[in-house]
Ligand SMILES: *Cc1c(COP(=O)(O)O)cnc(C)c1O
């Protein structure tokens with residue numbers, strides 16, 4: 001007689017390993033992680049990698065038979081890690097990039113191990129409650145009203161997209177939801193400054209609002225939206241038969257770190273009945289730093305706020321966040337009836353579903369890493385680290401102002417600094433347009449040489465038409481000393497490129 005026992009299985013397979021094997025994999029991986037965090041300050045920041053060389057080592061046909069974990073970890077260690085840019089290096093100042101925290105990496109492991117999926121409360125009761133808690137903490141950090149609510153998203157671009165979808169729905173209603181953007185009789189208008197992140201334009205294109213209907217408002221000398229120009233644009237568009245429905249303010253632009261005058265923009269939004277969205281993806285968490293806090297006056301009046309915990313909460317990607325001042329106003333844009341979304345719970349907290357507030361159905365348990373990082377470090381330590389980043393940017397600006405061979409191209413905004421190197425011939429007297437172009441080209445070559453050398457990393461920006469070396473301090477490891485090393489590294493790169501033939 002043969003019988004198949006329901007517990008009969010391979011007790012230790014690749015898909016279903018034994019506890020011992022799981023412990024072994026975990027120990028090896030965590031050993032690597034501890035060593036990496038210790039070594040990251042001394043690694044060359046950017047890899048000397050080519051796509052061809054990486055493919056040569058990595059590409060292979062789908063393997064039919066499995067391989068040992070140790071072998072795969074060796075590929076990770078020997079190919080993937082050296083072929084990666086080390087965003088956790090204290091002198092990686094490119095773009096807007098967080099270092100990650102160790103506790104968040106562990107939280108990601110735990111979240112994946114639990115494999116919680118968070119479309120709705122009933123799918124993951126405690127994880128959903130933890131997401132509410134983490135969102136409440138973020139609301140508190142921003143000074144939002146207790147009635148506000150929100151959710152984590154894959155990133156800031158998705159948060160901006162979701163906010164514009166909610167704003168459009170409030171203005172256009174069910175007609176456009178049912179029949180598409182063409183069902184709306186008049187062109188819509190979104191207002192934002194010339195400094196705004198392109199994800200706003202992308203969202204407008206994807207939502208059928210149209211990129212051309214994103215009206216860019218000029219900025220003042222500090223790269224902040226000119227609110228009088230905003231009012232003029234709204235009046236002009238209304239007179240021409242267009243429908244202004246949304247204004248997007250910046251709380252930390254990516255080029256210069258400018259924070260728009262949020263309270264003034266909120267007053268305009270109220271006056272004209274516009275949805276006010278604030279893109280605070282980069283800057284929002286700086287409200288935890290006392291020296292930056294006054295910049296955020298008016299933030300809580302916004303109808304929606306985008307944030308990126310995978311920026312200034314220092315978390316590893318991915319984690320964006322969207323806060324609605326009135327979540328019920330957003331709900332209509334996303335709620336949809338389907339058999340699998342029918343809710344049987346009667347307690348409203350238990351009938352809650354994130355799918356009513358954004359486009360996603362299945363959702364990762366991102367809240368765990370947010371909650372663990374904030375609960376483990378405490379808001380004071382996070383605020384202190386952000387304050388330290390602001391101080392580093394100001395220190396860099398002071399060093400630049402005190403040296404003849406550099407000049408700032410914009411005042412430092414939050415933790416972003418834009419500057420350039422000046423060759424000896426450009427340090428005194430006036431400069432022609434041709435001189436300016438030569439300085440642009442020189443700085444571009446300096447940036448490439450700096451990135452290649454690997455000790456410091458800057459990206460570039462265009463500031464008033466000039467090529468800027470641009471940096472953003474977004475790392476709890478970065479110190480004032482790192483800013484001094486950065487300038488020495490830039491000088492070394494300048495010597496190197498001026499020694500070469502131009
Ligand atoms: C980073 C950023 C975005 C885009 O966020 P992702 O998480 O990269 O999608 C949008 N706006 C601002 C101001 C940003 O800094």
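Below, the figures for the structure above:
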item	result
Some residue of segment 292-314 being exposed (fewer than 14 other Cβ atoms within 10 Å of the Cβ) and either more than 21 Å from the chain's Cα centre (by Cα) or within 22 Å of residue 191 (Cα to Cα) (or both)	yes
Only one of 100, 94, 180 that is touching a residue at least 12 places away in the same chain (Cβ under 8 Å), out of contact with any strand residue (DSSP E or B) (no Cβ under 7 Å at 6 or more places or on another chain), within 16 Å of the ligand (Cβ to nearest atom) and farther than 30 Å from residue 229 by Cα	100
Residue 215 being more than 20 Å from residue 255 (Cβ to Cβ) and assigned to a strand (DSSP E or B)	no
Matching option when the condition is free of Cβ contacts under 8 Å to residues at least 24 places away in the same chain, assigned to a helix (DSSP H, G or I) and under 30 Å from the mean Cα position of the chain (by Cα), among 397, 393	397
Filter result for residue 461 (modelled with pLDDT of 95 or more, out of contact with any helix residue (DSSP H, G or I) (no Cβ under 9 Å at 6 or more places or on another chain) and surrounded by 17 or more Cβ atoms within 10 Å (Cβ to Cβ))	yes
The lone exception for residue 148 - which of (1) within 16 Å of the ligand (Cβ to nearest atom); (2) surrounded by 19 or more Cβ atoms within 10 Å (Cβ to Cβ); (3) touching a residue at least 24 places away in the same chain (Cβ under 8 Å) it fails	(1)
Count - residues of segment 256-276 that are in contact with a helix residue (DSSP H, G or I) (Cβ under 9 Å, 6 or more places away or on another chain) and either within 11 Å of the ligand (Cβ to nearest atom) or closer than 25 Å to residue 408 by Cα (or both)	4
Members of segment 319-328 found to be farther than 14 Å from residue 355 by Cα and either assigned to a loop (DSSP other than H, G, I, E, B) or modelled with pLDDT under 95 (or both), listed by number	319, 325, 326
Residues satisfying the stated conditions in segment 298-318, i.e. under 20 Å from residue 165 (Cα atoms), part of a loop (DSSP other than H, G, I, E, B) and near the ligand (Cβ under 9 Å from one of its atoms)	308
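The values are calculated or read from the model by the stated rules, or taken from the named source; none is laboratory data. Since we're looking at a predicted model, the values are computed, not measured. Note that we place each Cβ from the backbone using ideal geometry, even for glycine, and neighbour counts take in every protein chain shown.
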